[in-house]
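Novice: Here it is, the structure, as structure tokens.
Each value in this text was obtained by applying a stated rule to the coordinates, not by laboratory testing. Owing to the predicted nature of the structure, the values given are computational and were not obtained by experimental measurement. Virtual Cβ from ideal backbone geometry, glycine too; neighbours counted across all protein chains shown.
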Amino acid sequence: MCDRFGLVLELVSQALGQDDRNEYEKAYENYLKSLDAIAASLLKDYDSHGIPETPVPVNNAKKVISVARQCLDRVEKILGTSLNQFYAEQERCNETYSCPSPTVELETSCMPELPGGTGLPSVAFVAPRILSRQSHQQPYSDTSSDAALLSNPMVTSRTCGTLGKTKATRVLSPMEQMEQENAAVCRRYHALIQRTVDPMAKQNLRLELQRRLTDNLMAGRKKQAEYLRDLQEQEKKIAEMAARKLQGSGECITPEEKRQQELFARILQYENNREWPPALQDLLKPHPKDSKVARHIVMQILGDSKHPLSQWLAKERVALQREIVMALESRSHMVAAPKEFSSSGIQRSVACAHVESVLRTALLLLGLTLEPLKDPAAQEVCYSVLEDHFTWPLWPHLLAIVRLENLSGEQRVATTMSQLASVSAEEMHVSPSLQESPALREAVGMLRTVPRLGPSHKLRVLVHVTRLVCTEAISSEDDHHRKLMGADDLIPALSYILVQSKIPQLYSEYLALEQVLDSRYMLGEEGYCLASVLMAFKYLESLP
């Protein structure tokens, strides 16, 4: 065992060094080799001597198992780190946001020639990339990835550290307590046996030890049975409480409601065994309408990798991401034939509806867990944090689906933008009060930032741009009030701003927003602005 344990320690030492140098692939391999060597060593000892019983073999086996446990922890963290690197890589691969300079060569030619051979001002149409994991590429090195582990990179590692300080120690079950007690009894009796000279006294001590161990085992089993019954009763009460809070009768409920009840029951069970969730409630009570406190609390919950809600969101996010990537990879040959792709099995509405359903469930459970979070203002904060945690990492994949289905529309818009790049605001029928206004230039600059923003921030920018255009101050001697622009004047103004932005990708961005965002955002001002900009894109697309 000692020789083999030395070999294991050598492998682990190599893996730790590679881990520190961010050589994750080599470290992962050596950790697995260490686990294989440990398993082989324990199996060989078992074949030779059976289960260890004396103190020295037992201690040696425990040391080896402890090393194996640490290797498993590091393997899990490496997997989590690689997942976060995958998110970062996909975001980098999909960054086609900035407006290229006129000297940039187009990936897809969509600029016709003017009569006489004069070229049009260039507007770059960047074709959507098929998102896939490149196995041959070197992993992206990030100093913060180790702290993030399996949690979403949008949630800071500071949150996870705060949770680690407040985490309660695990309570041992009766059988685990019995095992610890029996180990202590064995140590005491073995010491007595070694000090005893009389063979008969040694035999009596051995018999007494066996009797003590048997009595402890029977008592432990009895306590364990009571402990399990108590747990079952507690789980039943929690399930009833979850069903009652969700207003479910327990009969004839939909599969989605059943999943919500099960998840909420796990959340209640988790919070019942931890110290920090009640502390969050105490923090929220004096400040029920404080948005900063609400944001802090939601980030605490989502930043805990062991919280059932955080685990469920991570599972749903990774599953949906994998499903989209696999579907896009399997149909990558259809990029050149958008009609065939549009009629294929990929339906963007399914993926977007899944995202909306997950966010709706998460909002519901956060409100049930902490009553003050049901407030409309707090719900806005919760949605914002959930968007960073769940929707934003998925955005490149959701956008890829929409862009591939809207490929011909984007190309037509890019062609129109090239044709109209030098057209004046007056020629595009923009309201005279806006033609010389600096508001147009400001709106163009704001729209160019849209692809780099999160989903709800994209919509906020659009609302601000629409307000900027619709509300024009007319100064005169008799009138210092603001005049609201009519709907007939808004579409030409938005069309001119979109042409000047030179980003045809915005068409797919706002089509995707229409599918992903919560229905509350589609009402009132936000819905009007989104419908207006999509109408402007439809107008540009329809131009010859």
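Novice: Give the residues of the range 19-56 whose amide nitrogen is closer than 16 Å to a point set 7 Å from the Cα of Leu7 in the direction of its Cβ.
Specialist: Residues 30-48 qualify, since their backbone N sits under 16 Å from the label point.
Novice: Which ³J(HN,Hα) values in Hz, rounded to whole numbers, follow from the phi angles of the range 59-75 under the Karplus curve 6.51 cos²θ - 1.76 cosθ + 1.60, where θ = phi - 60° and Gly and Pro get x?
Specialist: These are the phi-based 3J(HN,Hα) values: 5, 4, 5, 5, 4, 5, 5, 4, 5, 4, 4, 5, 4, 4, 4, 5, 4 Hz.
Novice: In the range 355-440, if the dipole is taken from +1 on Lys/Arg beta carbons and -1 on Asp/Glu beta carbons about the Cα centre, which of Ser433, Val413, Pro376 is farthest to the positive end?
Specialist: Val413
Novice: A further question follows. Got a sec? How would Val318, Val67 order by Cβ neighbour count within 10 Å, fewest to most?
Specialist: Values: Val318 16, Val67 19.
Going from sparsest to densest Cβ surroundings: Val318, Val67.
Novice: Under the 0.36 nm per residue contour assumption, what length would be gained going from the current alpha-carbon distance of Glu179 and Leu79 to full extension? Let's see the in-between values first.
Specialist: On the way: separation 100, 0.36 × 100 = 36.00 nm, distance 3.31 nm.
Between Glu179 and Leu79, full extension yields an extra 32.7 nm.
Novice: If we sort 8-16, 220-228 on the protection proxy, mean other Cβ atoms within 10 Å, highest first, what's the order? Kindly include the intermediate steps, with their values, before the conclusion.
Specialist: On the way: 8-16: 18.1, 220-228: 13.9.
Sorting 8-16, 220-228 by mean packing, highest first, produces 8-16, 220-228.
Novice: Assign one of three labels to the range 409-542, namely rounded, prolate or oblate, based on the Cα gyration tensor with a ≥ b ≥ c the square roots of its eigenvalues; rounded applies when a/c is under 1.5, prolate when it is not and a/b is larger than b/c, and oblate otherwise.
Specialist: It comes out oblate by the Cα gyration axes.
Novice: Projecting each Cα onto the charge dipole of the range 409-542 (Lys/Arg +1, Asp/Glu -1 at the beta carbon, about the Cα centre), which of Gln515, Met535, Leu490 comes out farthest on the positive side?
Specialist: Checked the options; the winner is Gln515.
Novice: While we're here: Go through Ser422, Leu468, Ser501 and say which Cα lies farthest out towards the positive end of the charge dipole of the range 409-542; charges sit on Cβ, +1 for Lys and Arg, -1 for Asp and Glu.
Specialist: Ser501
Novice: Measure off 7 Å from each Cα along the Cα-to-Cβ vector at Gln210 and Ser357, then give the distance between these two points in nanometres to one decimal.
Specialist: 6.1
Novice: Based on Cβ point charges of +1 for Lys and Arg and -1 for Asp and Glu, what charge dipole magnitude is obtained for the range 409-542 about its Cα centre, in debye rounded to the nearest 20? Write down the numbers at each step before the final one.
Specialist: Numbers: 12 positive and 17 negative charges, 125 e Å.
Rounded to the nearest 20 debye, it is 600 debye.
Novice: Dipole of the range 174-245, Cα-centred, from +1 at each Lys and Arg C-beta and -1 at each Asp and Glu C-beta, to the nearest 20 debye? All intermediate terms of the calculation are to be shown ahead of the outcome.
Specialist: Numbers: 15 positive and 11 negative charges, 10 e Å.
Approximately 40 debye in magnitude.
Novice: Another question, then. Once label points are set 7 Å from the Cα along Cα→Cβ at both Leu523 and Val318, what is their separation, rounded to one decimal in nm?
Specialist: For Leu523 paired with Val318, the spin-label model returns 3.7 nm.
Novice: Still on this structure, I have one more. Over 25 Å between C-alpha atoms is what I'm after, so list which of Lys222/Lys258; Lys62/Lys222; Lys237/Lys292; Lys458/Lys538 land there. Mind dumping the intermediate values first?
Specialist: Numbers: Lys222/Lys258 34 Å; Lys62/Lys222 27 Å; Lys237/Lys292 34 Å; Lys458/Lys538 19 Å.
Exceeds cut-off: Lys222/Lys258; Lys62/Lys222; Lys237/Lys292.
Novice: Give me the dipole magnitude in Debye, nearest 20, for the range 409-476 about the Cα centre, with unit charges on the beta carbon: positive for Lys and Arg, negative for Asp and Glu.
Specialist: On the way: 7 positive and 6 negative charges, 92 e Å.
With only Lys, Arg, Asp and Glu charged at Cβ, the dipole is about 440 debye.
Novice: Moving to a separate point now. Would you please put 430-439, 189-198, 361-370 in order of how densely packed they are, using the mean number of other Cβ atoms within 10 angstrom per residue and starting with the highest? Can you show the working numbers first?
Specialist: Details: 430-439: 15.4, 189-198: 11.7, 361-370: 20.2.
Output ranking for 430-439, 189-198, 361-370: 361-370, 430-439, 189-198.
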